[in-house]
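Below is one structure, written out as structure tokens; comments come after it.
Values quoted throughout were computed directly from the atomic coordinates according to the rules given, and no laboratory measurement underlies them. Computed from a predicted structure; not experimentally measured. Every residue, glycine among them, receives a Cβ derived from its backbone with ideal geometry; neighbour counts consider all protein chains shown.
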Amino acid sequence: MKKKIELMKKIERELIDFKQSPLYKYRIENKFFPVVGEGSLNSKIMFVGEAPGKKEAQTGKPFCGASGKFLDIMLVSVNLKREDVYITNIVKDRPEDNRDPSAEEIKLYGPFLDRQIEIIQPKIIATLGRFSFEYVMRHFGLENQIEPISKAHGKSYAYGKVKIIPLYHPAVALYNGGMREILLKDFKILNKW
Ligand code: URA
């Protein structure tokens, strides 16, 4: 466990000093923090979102804004506590104006997520949104099974003993109330583990 904490702290230090990132200057100018991730390093379940929003960048905590509130509701619905899971994103700094992360940013920050997956060794990786679904599938060499998120959501993809569970990003329920029930239904798959 000490080793896991040290490895995660090393990732944090590297991210703090990640001047190669096109998002670094924006972070410094706005007194934002990189969002490394939060939760149990021994968790069987890891959630991977896209990139921090404003609130997350201001606090350094993943999913603590409006999307996070809905994520909390979904976690409670399957009897999971935040502290029992690990929550992170692919891109660790906030892209300006809440835009989608670029391919370049995903490529640059992806190796940090790869290392976090190595450290935590989750049995289940629940991806939130299409960017993290596609990234995690590629991470495990499952790119030939990538489907549009509209087809993939709520299914389970296996890599050995690891299950990848693509879910819609919780933000979709904020823009489209009808999606709320679909997300809550898809989340039930996590009840089984
Ligand atoms: N959206 C994400 O993808 N990640 C967060 O941490 C917050 C909002």
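Filter segment 59-80 down to residues that are within 18 Å of Leu183 (Cβ to Cβ) and not in a helix (DSSP H, G or I) and give me whichever is farthest from the ligand (Cβ to nearest atom). Applying the filter and picking the extreme gives Asn79.
Listed residues Ser67, Ser21, Ser77; which is closer than 21 Å to Leu174 by Cα, among the small types (Gly, Ala, Ser) and more than 16 Å from the chain's Cα centre (by Cα)? Ser77 is the lone residue from the list that is closer than 21 Å to Leu174 by Cα, among the small types (Gly, Ala, Ser) and more than 16 Å from the chain's Cα centre (by Cα).
Each residue in segment 28-58 was checked for being more than 10 Å from the ligand (Cβ to nearest atom) and surrounded by fewer than 21 Cβ atoms within 10 Å (Cβ to Cβ), and 13 of them qualify. A residue that is touching a residue at least 60 places away in the same chain (Cβ under 8 Å) and part of a helix (DSSP H, G or I) can be found somewhere in segment 81-96. Residues in segment 14-21: is at least one in contact with a helix residue (DSSP H, G or I) (Cβ under 9 Å, 6 or more places away or on another chain), away from the ligand (no atom under 11 Å from the Cβ) and part of a strand (DSSP E or B)? No; the residues of segment 14-21 include none that is in contact with a helix residue (DSSP H, G or I) (Cβ under 9 Å, 6 or more places away or on another chain), away from the ligand (no atom under 11 Å from the Cβ) and part of a strand (DSSP E or B).
Scanning segment 163-193 for residues that are touching a residue at least 40 places away in the same chain (Cβ under 8 Å) and surrounded by fewer than 16 Cβ atoms within 10 Å (Cβ to Cβ) turns up Leu174, Leu184, Lys188, Asn191, Trp193.
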